[in-house]
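Note sheet for the following structure.
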Amino acid sequence: MKKFAVCALFCISFLISNEIVKKSLDLKSLESHSNIVPVAIIGGGPAGLMAGVYASRNKLPTFVFGGKEIGGQMLQASYVENWPGKIKKAGRDMIIDLKKQARHFGAQLVKDNVKEVDLSEWPYTLTIDNGDKVKALSVVVATGGSQITPDIPGVKKYWSKGISVCTICDAPFDKGKDVAVIGGGDPAGDKALQLAKFANKVTMLVENSQNHASGVVKDYLKKEPKITVRTNVQVKEIVGDGQKVTGIKMINKKTNKESTLPVQSVYFALGFEPTSKKFSNWLETDDKGYIKTVGKTQQTTLPGVFAAGNVEDNRYQKVAVACGKGAAAGIDTIEFMQDLGVTNKIVKHLNPKLYQPPLPDEKELTMVKSERHFKQLLRKNKIVIADFYAELCISCKKALPTLKAAAHELHSRAVIAKIEIEHLKPLMAQYKVEKVPTLIIFKNGKEVQRITAITKEKIVEAVNKFE
């Protein structure tokens with residue numbers, strides 16, 4: 001009865017909060033704000049990117065704040081064998097596909113993190129790493145989790161001196177060494193298999209009576225002669241010579257016998273803890289820090305704020321599930337915005353006040369040095385956008401911010417190559433460029449389109465069409 005009363009009280013307060021937010025949404029109240037973000041997604045892993053796909057497909061201006069290297073924990077995964085429709089796919093390739101899909105529908109992938117949040121009033125305030133403050137009309141928290149490291153002697157002393165969590169990063173440095181992976185399940189098995197390509201011997205230390213990896217992963221482990229799995233092991237200390245790791249002190253939980261395993265490297269694979277600390281003042285979490293959601297939705301305890309992926313999933317923690325939760329969060333966000341009355345007309349009205357992420361450095365625009373250099377670019381890249389310009393051309397200078405913005409949005413999907421016509425007159429003659437600025441789109445080395453009235457939308461549209 002007590003639980004029912006608490007639940008009823010929560011539901012009533014949630015509905016009241018929703019009504020308050022609905023009443024506060026009018027264009028007059030937003031006129032005083034700048035740097036408006038209709039959909040702010042905090043986290044660039046599979047859940048965040050999938051939420052970005054759904055929100056941007058509905059024509060809501062969507063910003064994914066994912067940090068310098070967008071992709072989350074999947075960037076450290078070697079191959080995934082439980083991804084829908086793919087028998088085997090590299091983690092990085094999965095992220096490339098998701099980023100490409102999100103960008104295709106218009107989501108902006110921002111290479112900055114959200115370092116602070118203030119969810120005390122709507123629109124919500126997010127502070128970006130670069131110091132910018134944005135006003136978010138809706139928020140999807142998809143910050144995932146961080147690797148758990150045990151609080152045992154030696155961990156702090158020998159961190160980065162033989163202790164790591166990233167086999168993708170460090171396995172090549174373990175060629176010929178004896179190494180250990182502490183942990184069980186698929187993640188630990190994956191790390192052991194990655195290390196076996198380089199190390200002399202790999203020992204998996206599992207605290208439970210059995211390794212809870214999936215049947216397929218267990219088969220892989222059995223077939224690899226370099227890997228040994230030891231169960232019922234409690235790690236007590238990481239030992240070394242003061243400069244580097246030399247072994248692991250442990251105890252057999254069945255026999256209580258202590259021993260030391262000689263190794264030169266140690267990797268932890270003990271699961272993840274949710275990255276939710278910065279939200280704990282505003283959102284309700286469970287005793288382990290996972291953000292709580294309402295019913296069968298991704299709605300948190302604040303209206304217009306949703307959570308998806310390992311920051312709220314305390315059970316499954318699989319990439320396919322994270323993507324599903326991200327899709328659900330995207331759909332919930334769309335419904336929330338529709339309920340508030342955010343229409344295309346309102347979005348268009350807000351457009352001048354939308355947040356403009358910092359433009360990429362001009363280095364991301366490739367300066368063509370010679371005819372040979374340009375031919376190499378055409379040969380190596382599927383899509384090349386050649387910007388024919390003149391140094392003293394005022395219109396060319398005005399187009400530069402547009403090219404930078406397009407480069408930022410397209411990222412690795414196309415190369416924008418700047419060709420200065422005075423220095424490269426043969427290229428101007430070859431492609432019959434009669435005015436500057438002129439953009440020529442090349443696909444697989446062949447011209448497919450020209451643009452003289454340069455806008456970011458036209459550039460992105462062309463890439464989408466020919467990609």
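The values are calculated or read from the model by the stated rules, or taken from the named source; none is laboratory data. Keep in mind the model is a prediction, meaning the values are calculated, not measured. As a convention, Cβ positions derive from the backbone with ideal geometry for all residues, glycine included, and neighbour counts pool all protein chains shown. Quick note on the areas: whole protein, heavy atoms, side chains included, nothing else; ligands and nucleic acids left out. Shrake-Rupley method; radii C 1.70, N 1.55, O 1.52, S 1.80 Å.
Quick notes
- Hits in the range 415-467 - residues which are surrounded by fewer than 18 Cβ atoms within 10 Å (Cβ to Cβ), out of contact with any strand residue (DSSP E or B) (no Cβ under 8 Å at 6 or more places or on another chain), within 18 Å of Lys369 (Cβ to Cβ) and touching a residue at least 24 places away in the same chain (Cβ under 8 Å): Glu422, Pro426
- The criterion of at least 3 residues that are farther than 26 Å from Lys100 by Cβ is met by none of the strands (runs of 3 or more DSSP E) wholly inside the range 370-461.
- Residue within the range 378-388 that is out of contact with any strand residue (DSSP E or B) (no Cβ under 6 Å at 6 or more places or on another chain) and among the acidic types (Asp, Glu) present: no
- Residue satisfying condition, being closer than 30 Å to His33 by Cα, out of contact with any Pro (no Cβ under 6 Å at 6 or more places or on another chain) and open to solvent by less than 50 Å² (accessible area, probe 1.4 Å), within set Ala405, Ala390: Ala405
- Meets criteria (out of contact with any helix residue (DSSP H, G or I) (no Cβ under 9 Å at 6 or more places or on another chain), surrounded by fewer than 17 Cβ atoms within 10 Å (Cβ to Cβ) and assigned to a loop (DSSP other than H, G, I, E, B)) for Lys156: yes
Each row is one residue, and each column tells you yes or no for (1) under 19 Å from Glu273 (Cα atoms); (2) in contact (Cβ under 8 Å) with a residue 24 or more places away in the chain; (3) open to solvent by 40 Å² or more (accessible area, probe 1.4 Å); (4) over 25 Å from the mean Cα position of the chain (by Cα).
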{"residue": "Val134", "(1), (2), (3), (4)": "no, yes, no, no"}
{"residue": "Gly162", "(1), (2), (3), (4)": "no, yes, no, yes"}
{"residue": "Ala171", "(1), (2), (3), (4)": "no, yes, no, no"}
{"residue": "Val181", "(1), (2), (3), (4)": "yes, yes, no, yes"}
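- One residue stands out among those in the range 247-276 that are modelled with pLDDT of 95 or more, open to solvent by 60 Å² or more (accessible area, probe 1.4 Å) and not in a loop (DSSP other than H, G, I, E, B): the one that is farthest from Gly72 (Cα to Cα), which is Glu258.
- Scan of the range 15-60 for residues that are modelled with pLDDT under 85, open to solvent by 60 Å² or more (accessible area, probe 1.4 Å) and assigned to a loop (DSSP other than H, G, I, E, B), ordered by number: Asp26, Glu31, Ser32
- Any chance Gly242 is surrounded by fewer than 17 Cβ atoms within 10 Å (Cβ to Cβ) and closer than 21 Å to Tyr316 by Cα: no
- Residue in the range 326-340 that is in a helix (DSSP H, G or I), surrounded by fewer than 18 Cβ atoms within 10 Å (Cβ to Cβ), modelled with pLDDT of 95 or more and not hydrophobic (A, V, I, L, M, F, W, C) present: yes
- Every condition in (1) under 20 Å from Asp112 (Cβ atoms); (2) open to solvent by less than 30 Å² (accessible area, probe 1.4 Å); (3) outside any strand (DSSP E or B) holds for Phe63 except the one numbered (3).
- Index of the failed condition, Ile70 passing every other in (1) part of a loop (DSSP other than H, G, I, E, B); (2) farther than 16 Å from Val319 by Cβ; (3) not small (Gly, Ala, Ser): (2)
- In the range 277-299, the qualifying residues are those that are basic (Lys, Arg) and in contact (Cβ under 8 Å) with a residue 24 or more places away in the chain, and the one that is least open to solvent (accessible area, probe 1.4 Å) is Lys278.
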